[in-house]
């Protein structure tokens, strides 16, 4: 039960401290008057993602599926993701085109296709993610990073569209006043309207940009068809969670050197674990690359 217990603890900690949210000072509240209804809810996202993981585990996924079926599910999921990314790009082009007046009507068929793909992807995601989590767990056990075959915490991730980040700064100097996460389904036009409204009202410089990443659990991973990057990222983020209960993780915020060592460890280990998963389960996907260093088990035990 240790892995399950630690997993629950991580979810609770992440829901309280896992993401950056501006302090509720007056300047922030003035900005949030424009964003409160469209802010991204990380706690809700984590709860929904955790429910997906529990549901998959309750039917013993992926262990009820044979290896060939597991690979087929992953392949189909990646194909669906590719189609979604292509059509979302086309949709973004429509909304960015000033020559298209009635964007809703013009994009109606495309949005219908996307909705069908979203439905299909939502059906495949719990299966494909359970497969990759299980395969990474097997590799972690083989290299000695589990306790009796149980990773601590569980390897849990969910691929999703990432929120947008609203960056606000004073007009007369370079200084970040606010960094507020916004719902992922906002359009380019809605970005522009929001930026303009805030700038005119508060005399600020405002920009909505893609978010880089968020420290939550289950891990929030950007959608991608780069399979090696996906495996490396899942493993990278799990290493961060693994180190959370070791000195290197507990001292993460103490100084820049500790953070650098932590990030370097996660990067090296994540890349190596991802490579081992490719070699074991997807050798046909391996591209030519230089030999990497051998990963060894950490020299400390988690109590």
Would you please report the Å³ per residue occupied by the convex hull of the alpha carbon atoms in the stretch 193-260?
157
Connecting every pair of Cα atoms under 10 Å apart in the chain and solving the GNM, the largest mean-square fluctuation among 128, 235, 92 falls on 92
Please report the spacing between the Cα centers of the stretch 160-193 and the stretch 243-287 in Å, no decimals.
30
Once both axes come from the Cα atoms, what is the angle between helix 256-281 and the longest principal axis of the chain, in degrees from 0 to 90, rounded to 10?
60
Taking N as its residue count, the alpha carbon Rg of the chain over 2.2 N^0.38 Å:
1.10
Work out, in µm²/s and without decimals, the Stokes-Einstein translational diffusion coefficient of the stretch 82-136 at 10 °C, 1.306 mPa s, Rh from Kirkwood over C-alpha pairs.
123
Take the Cα radius of gyration of the stretch 130-242 and divide it by 2.2 N^0.38 Å, with N its residue count; two decimals is plenty.
1.44
Exposure-ranked with fewest Cβ neighbours within 10 Å first, 251, 244 stand as 251, 244
Note: residue 97 to residue 60 extended length (0.36 nm per residue) minus current alpha-carbon separation gives 8.6 nm
Return the FRET efficiency for the residue pair residue 183, residue 51: r is the Cβ-Cβ distance, R0 is 22 Å, and the value is rounded to the nearest 0.05.
0.65
Assuming 0.36 nm per residue, please report the length gained on full extension of the stretch residue 174 to residue 75 beyond their Cα-Cα distance.
31.1 nm
Does anyone have the angle between helix 2-17 and the longest principal axis of the chain? Alpha-carbon axes, 0 to 90°, nearest 10?
20
How far is it, in nm, from the label point at residue 192 to the one at residue 39 when both lie 7 Å from their Cα along the line to the Cβ?
2.7
Percent RCO, i.e. relative contact order, over the chain, from Cα pairs under 8 Å lying at least 6 residues apart
22
Which ordering of 173, 275 is given by a fewest-first count of other beta-carbon atoms within 10 Å?
173, 275
Quick check: residue separation of residue 254 and residue 282 times 0.36 nm, minus the Cα distance between them. What number comes out in nm?
6.1 nm
Can you tell me the orientation of helix 227-243 relative to the chain, as the angle in degrees between its alpha-carbon axis and the longest Cα principal axis, to the nearest 10?
80
For the stretch 161-219, what number results from the quotient of the Cα radius of gyration and 2.2 N^0.38 Å?
1.20
In deg cm²/dmol and to the nearest 500, what is the mean residue ellipticity at 222 nm of the chain if only DSSP H runs of at least 4 residues count, each as -39500 (n - 2.57), divided by the residue total?
-19500 deg cm²/dmol
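Every read-out reported here was derived from the displayed coordinates using simple, explicitly stated rules and does not represent laboratory data. Keep in mind that this is a model prediction, so the values were computed, not measured. Heads up, the Cβs are rebuilt from the backbone with ideal geometry, glycines too, and the neighbour counts pull from every protein chain shown.
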